[in-house]
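The values are calculated or read from the model by the stated rules, or taken from the named source; none is laboratory data. Quantities reported herein were computed from a predicted structural model and do not represent experimental measurements. All Cβ positions, glycine included, derive from the backbone under ideal geometry; neighbour counts span all protein chains shown. What goes into the accessible areas is simple: the full protein's heavy atoms, side chains included, and nothing from ligands, DNA or RNA. Shrake-Rupley method; radii C 1.70, N 1.55, O 1.52, S 1.80 Å.
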Amino acid sequence: MAHFPTGSSSPAFFSRCPHHRCDSVQAWFTSLLAAARPLSSRAAHLTGRHTAVQCGTSLSTPRISEPEASPAESSAVIQGGTAPLVQALLASQDVACFHFPGHNRGKAAPSSLSKLIGSGAFLHDLPELPELDDLFSPKGVILDAQKQAAQLFGSSKTWFLVNGTTCGIQASVMATCSPGDYLIVPRNCHISVISALVLSGAVPKYIIPEYNPAWDIAGGITPLQVDEAVKELEEDGKRVGAVLVTSPTYHGLCSNVQGIVSVCHPRGIPVIVDEAHGAHFKFHESLPSTAIEQGADLAVQSTHKVLCSLTQSSMLHTAGDLVNVDQVSKCLQVLQSSSPSYLLLSSLDAARYHLSKNTNIFDEPLDIASETKDQLMVIPGISVLDLPCFASDFPAIDPLRITFSASDLQLSGYEAYDILYEGHQIVSELVGTRSVTFAVNLGTRVQDVEKLVQSAKHLSEKYFFANSSKPMKENCVCGPLDKISVHLTPREAFFAKKRRVRIEDSLGEICGELICPYPPGIPVLIPGEVVTHDSLSYLMNVRHHGITIKLLMLS
């Protein structure tokens, strides 16, 4: 895998790791528990839309203090099933514990970690006790929580995931593709798709998405591309197990899932959607349609991204009858931990309940994002990514994702980010060679976006005239590589013997690992592919810009 330097002068990671606010995890979890209580216990304190309990703690906006629920109230809530999994944890009693984990409900918790996250997290860090149900054979509170999630998100069945969207992608591919089947997939798929190919033994049929070199960003795929890929495989007598679509992309670009479904379903081909960045789409009419609403068979969402569950918690939704749900459940049992975290599971339940009781919750974030884009677009030298940047007829772009470029100021994405972070303490979600991406969410504050706009104005004022007389930097970024030479499947390459070689000596060798300088997020090489002249030139160019690359080749 490509290795990237961690120096501050030119950080070029797969994606930037945001320096999030270090709010107390205990306070956050307490707010989720409070949000899950009956509205009657809070009615005296809550009036109007802005009184909704927020997921997280603002540094400037005071949060509503709520009284603790009495044991009688907690019992009533459990029976009512408002947030069943959360309430089951709330009802946990002070008992003599002779079970795992070894911190014994916080009694033996490491003091350093207790100071960091508080004792409450340990108190509710429990194993699969009888009253807490079984994730792999749910019959109680987990089943109830998942059913309520399915109802809210519009699916026929929903699974809670504690191994992230990655395990949901892997299970979806394994449940639909047998060894030797073909999976039609965009070249800018997430790395989890490649691991799914290794696990399932499926063979990839790649679609090259549209690419904008000025932004160094890849878009989605079209129904026409999917139709052509299916026809090519059918003409060769190949069986298509499934089609996987990434929608939205990291930058918020959505593919026409409904059109792709119309291509696939008449042929009996299920459609899987990596909807990691679109879990919030269901909750406002101004947001794009969800994958399930457009007819997808399986959709995997990172509930922790724009929504407010804990990191690593996700949901897998299904609809229709093309996919065997029992097979999906079996695959998840293989992939997920046999000791699931109830903190992660209950955060999914609490996030679902929070959304169900706050129907206008995305009004303010959408207004903030829209106004921010309008202000950024009029700043000299600053460009904002939007649908017209692509020739394909993509149906939508996530309005909560803001991507701007300072290329007209002669600044790379990395240079712009360094100035914003080091000079203005602004942390983005994603940094690319030619752009910076910001994610607006439920916790975004007005003063934060005002600071972003002012900082962008500072960039313009400082560099617009200073660099105007300099010749424009040559765009050395290569587009997606469409000349792919495949010698082995990812699974065959994964299990084959390998050796390390210098990059200069790799021409004509078979790659044994995934090499993916991100963004644009399109792998230069995938296990089993031959190193061509084009791919080698690209890698040499990347190395010239300071990125360390070590190649693992097949023997």
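Approximating the spin labels as points 7 Å out from Cα along Cα→Cβ, the Gln258-to-Ser111 distance works out to 6.1 nm. Between region 430-451 and region 352-429, the C-alpha centres lie 6 angstrom from each other. Surface composition of region 276-346: carbon plus sulfur atoms hold 43% of the accessible area, using a 1.4 angstrom probe and ignoring ligands, DNA and RNA. Spin-label model, Glu492/Glu371: points 7 Å from Cα along the beta carbon direction are separated by 5.8 nm. Peptides 111-121, 405-415, 490-500 ranked from most to least packed, by the mean per-residue count of other Cβ atoms within 10 Å: 405-415, 490-500, 111-121.
The alpha-carbon of Lys282 sits under 14 angstrom from the alpha-carbons of these aspartates and glutamates, leaving out residues fewer than 8 places away in its chain: Glu293, Asp363, Asp398. Annotation: lysines with alpha-carbon distance below 28 angstrom to Lys462 (same-chain offsets under eight excluded): Lys373, Lys451, Lys470, Lys473.
Measuring between alpha carbons in the structure, the pairs from Lys205/Lys305; Lys139/Lys330; Lys157/Lys330; Lys205/Lys231 lying more than 18 angstrom apart are Lys205/Lys305. Count the net charge of all other residues whose Cβ sits under 11 Å from the Cβ of Ser302, scoring Lys and Arg as +1 and Asp and Glu as -1. Summing Lys/Arg as +1 and Asp/Glu as -1 gives -1. Between amide H atoms placed 1.01 Å from N, distances below 5 Å from Val273 occur with Val245, Leu298, Ala299, Val300, all of them 5 or more places distant or on a separate chain.
As a calculated quantity, the FRET efficiency between Lys231 and Val501 at R0 = 56 Å, using C-beta atoms, amounts to about 0.90. Across region 343-358, coupling constants 3J(HN,Hα) worked out from phi with the 6.51/-1.76/1.60 Karplus curve, θ = phi - 60°, read 5, 5, 4, 5, 5, 5, 5, 5, 4, 4, 5, 4, 5, 5, 9, 9 Hz, and Gly and Pro carry x. Cross-link partners of Lys498 among aspartates and glutamates, defined as those whose alpha carbon lies under 14 angstrom from its own and excluding same-chain residues fewer than eight positions apart: Glu509, Glu513, Glu529. Take 244-254, 321-331, 287-297, 173-183 and order them by the average number of nearby Cβ atoms within 10 Å per residue, most first; the result is 244-254, 287-297, 173-183, 321-331.
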